[in-house]
Amino acid sequence: ARTYGETKLVPSGPLYRAVVFEDGKARIIFDHTGSGLVSLDSGPLTWFEIAGADRTFSKAFAEIQDGAVIVWSPRVSRPEAVRFAWNQLAVANLGNAEGLPASPFRTDRW
């Protein structure tokens, strides 16, 4: 898309842009969502982790909602950080409707 100037193509899978923490959950906002965020295998979203002030990451639930991904865990009541596919074994399933996978990311700077 970039090399040939194809403006109608999505140049990338979803890339992390921002996070908003509210009501014990994290709302993750992405660039390059194309026609929308999807689970590439139609299953629940995988490889999300969430942490609070103790900086201990726990496996998290995640779902697509209103063009963003909502992440939470019953183990973390006041989240401060999220990471996605932050493991060399990760086979994550978040992508865009064009079939391009999301890139791994972390929201913290610890």
Cβ-Cβ under 9 Å, sequence separation 6+ or interchain: first residue in the stretch 22-33 and under 18 Å from residue 100 (Cα atoms) and open to solvent by 40 Å² or more (accessible area, probe 1.4 Å), partner assigned to a loop (DSSP other than H, G, I, E, B) and aliphatic (A, V, I, L, M). Which pairs? 32/10; 32/100; 32/102
Which residue pairs have Cβ atoms closer than 6 Å, lie 6 or more positions apart in sequence or on different chains, and pair a first residue in the stretch 63-74 that is on the phi < 0 side of the Ramachandran plot with a second residue that is not aliphatic (A, V, I, L, M)? 68/27; 70/25; 70/27; 70/63; 71/48; 72/25; 72/61; 73/58
Residue hits (the stretch 75-84; open to solvent by less than 70 Å² (accessible area, probe 1.4 Å) and either in contact (Cβ under 8 Å) with a residue 60 or more places away in the chain or not β-branched (Val, Ile, Thr) (or both)) are 79, 81, 82, 83, 84
Answer yes or no as to whether residue 54 is on the phi > 0 side of the Ramachandran plot and open to solvent by 60 Å² or more (accessible area, probe 1.4 Å). no
Answer with yes or no whether residue 18 is in a loop (DSSP other than H, G, I, E, B), modelled with pLDDT of 95 or more and aliphatic (A, V, I, L, M). no
Scan (1) of a type in the set (A, V, I, L, M, F, W, C); (2) surrounded by 19 or more Cβ atoms within 10 Å (Cβ to Cβ); (3) over 19 Å from residue 86 (Cβ atoms) for the single condition residue 47 breaks and write down its number. (3)
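The values are calculated or read from the model by the stated rules, or taken from the named source; none is laboratory data. Quick caveat: nothing in here was measured; it's all calculated off a predicted structure. We place every Cβ from the backbone using ideal geometry, glycine too, and count neighbours over all the protein chains shown. The area values use the complete protein model at the heavy-atom level, side chains included, leaving out ligands, DNA and RNA. Shrake-Rupley method; radii C 1.70, N 1.55, O 1.52, S 1.80 Å.
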